[in-house]
Amino acid sequence: MLESPLRQAATDLLAFAIRLAPPHAREWGLAMRGELSYVEGPWEAVLWALGGASVMAKQALISLLFPRRQPGIAPGDELFAKKVSVSKAVLVTAAGFILGALLFFVAPPFRQAVHVSLAAWNDILNITAQNGQPRLRALSKQAEARRDPEGLVFAAARLGDAGESARLAEEAVQLDPDLLWVYAIVAVSHPSLPKIRDWVPELEMRYPKNALFLLISAESTDIAHTSNASTIAPKDLQTEMDNDPAWRDAMAAAFASPKFDDYLDRLRELDSRVVRRYGFNDPYEVLSAEEEDLPSLAFWDSRRFAKSVLQSGQDLEAKGDPKGAVEKYWSVARFGQTIDAQGRTDSEYFLGLTLQTGAYKQLQKLSEKGGNANEAALFAYLAGRFAYLAGRLEETMCPGGT
């Protein structure tokens with residue numbers, strides 16, 4: 001008799017939390033709401049909704065504790081304009097607590113809901129899980145017993161144990177070679193894995209011209225240099241890294257790549273099937289893998305390389321070669337366009353917008369020097385617009401500034 005009311009309560013709680021969540025958290029909430037209808041059992045549905053609401057409440061609390069500056073919002077920028085009031089955040093949190101309190105008295109699975117709710121606060125409290133992710137490991141054991149490659153990918157993409165994550169990924173690929181893209185997911189999550197050197201050539205052969213693999217390779221080169229950082233002065237280390245042929249070749253190839261794919265769309269489709277297959281109702285754990293979109297050093301690497309390319313363009317200008325300079329500037333702009341157009345996450349959009357901003361500024365200056373007022377005006381508009389969007393997106397991604 002309780003099934004219908006419980007499902008309705010779960011749906012209402014999650015919908016309420018999504019409405020009041022900060023803009024950057026709404027996509028997560030919508031994904032959780034989409035999966036709710038596939039969760040079997042009324043209590044499991046409630047637990048899923050409670051865990052999801054706690055994620056939304058955490059994001060609302062972060063926005064309140066670290067308020068960002070809010071300059072005037074231009075018309076049409078509602079995506080970046082939404083604020084979360086104290087009263088709304090309190091309502092979301094209170095709703096979760098009230099439902100949780102009721103479940104304590106009537107539902108045996110309440111302990112599991114508490115575990116999910118507390119896990120969602122790990123980021124804000126800087127707590128590192130010390131329990132070895134037992135539920136995820138249990139799922140991986142079931143997947144191994146069933147010889148289920150999708151279950152192995154699901155676990156490999158989320159395990160904090162780099163060695164185990166790599167082992168499961170390779171086992172999944174042995175069972176189903178079409179899942180080779182999981183190597184990219186694991187490589188982004190665990191950039192120090194030695195196996196990455198073997199994985200990247202396989203990935204490039206199967207999925208050619210994807211800039212992601214080259215960014216992964218560049219990050220591996222960075223890590224190799226920083227492992228010796230204790231014996232090298234910081235200035236010398238930076239020079240050594242910038243001049244490393246392997247790093248420069250990887251970045252040059254990345255900037256020339258015509259496409260970018262982080263494979264998160266494939267992972268999300270797989271997640272949906274695995275969650276239903278194993279009844280895995282921990283939304284925080286499910287969503288954790290979707291945060292790993294770019295190599296952790298990709299932004300730094302891209303900015304460093306773009307700076308050197310733009311400088312080489314300025315050098316060509318000084319030598320009287322404006323056409324060569326234009327090609328340099330456009331190479332940076334094209335890479336930014338590729339990331340911006342084909343990316344799926346805020347950090348990817350931010351990287352693309354930032355690179356285009358720098359390139360358009362240089363193209364504007366060059367057009368002004370050449371006396372082409374129309375081109376200069378266009379590039380000035382583009383540089384200003386992309387800089388504005390990048391700034392608004394940065395405020396959304398990093399409340400309070402950096």
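Just so it is clear, none of the values below were taken in a lab; they were calculated from the coordinates. Just so we're clear, the structure is a prediction, and the values are computed from it rather than from any experiment. Every residue, glycine as well, gets a Cβ built from its backbone with ideal geometry; the counts of neighbours run over all protein chains shown.
Just to check your reading of the model, which residue among Ala246, Ala318, Ala298, Ala252 is among the hydrophobic types (A, V, I, L, M, F, W, C) and over 26 Å from Leu203 (Cβ atoms)?
Numbers: Ala246 fails: over 26 Å from Leu203 (Cβ atoms); Ala298 fails: over 26 Å from Leu203 (Cβ atoms); Ala252 fails: over 26 Å from Leu203 (Cβ atoms).
Result of the check over Ala246, Ala318, Ala298, Ala252: Ala318.
Kindly establish whether Ser189 is crowded, with 20+ Cβ neighbours inside 10 Å and either within 18 Å of Thr338 (Cβ to Cβ) or touching a strand residue (DSSP E or B) at 6+ places or on another chain (Cβ under 6 Å) (or both).
Judged against the criteria, Ser189 is not a match.
Out of segment 142-188, which residues are of a type in the set (Lys, Arg), under 20 Å from Ser288 (Cα atoms) and without any contact (Cβ under 8 Å) to a residue 60 or more places away in the chain?
Residue satisfying the conditions is Arg167 alone.
Return yes or no: is Gln311 under 18 Å from Ala298 (Cβ atoms), among the polar types (S, T, N, Q) and either in contact with a Pro (Cβ under 6 Å, 6 or more places away or on another chain) or surrounded by fewer than 20 Cβ atoms within 10 Å (Cβ to Cβ) (or both)?
Taking the combined requirement at face value, the residue does not satisfy it.
Yes or no, residue by residue, for (1) of a type in the set (Phe, Trp, Tyr); (2) buried (at least 20 other Cβ atoms within 10 Å of the Cβ); (3) within 30 Å of Val275 (Cα to Cα):
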{"residue": "Leu294", "(1), (2), (3)": "no, yes, yes"}
{"residue": "Trp300", "(1), (2), (3)": "yes, no, no"}
{"residue": "Arg303", "(1), (2), (3)": "no, no, no"}
{"residue": "Gln356", "(1), (2), (3)": "no, yes, no"}
{"residue": "Gln364", "(1), (2), (3)": "no, yes, no"}
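How do the helices (runs of 4 or more DSSP H) wholly within segment 244-293 filter down when requiring 1 or more residues that are over 30 Å from His225 (Cβ atoms) and in contact (Cβ under 8 Å) with a residue 24 or more places away in the chain: which remain?
Details: elements: 245-256, 264-278, 283-288.
Output list reads 264-278, 283-288.
Does segment 366-381 hold any residues that are crowded, with 18+ Cβ neighbours inside 10 Å and within 23 Å of Asp340 (Cα to Cα), and which are they?
Ala376, Phe379
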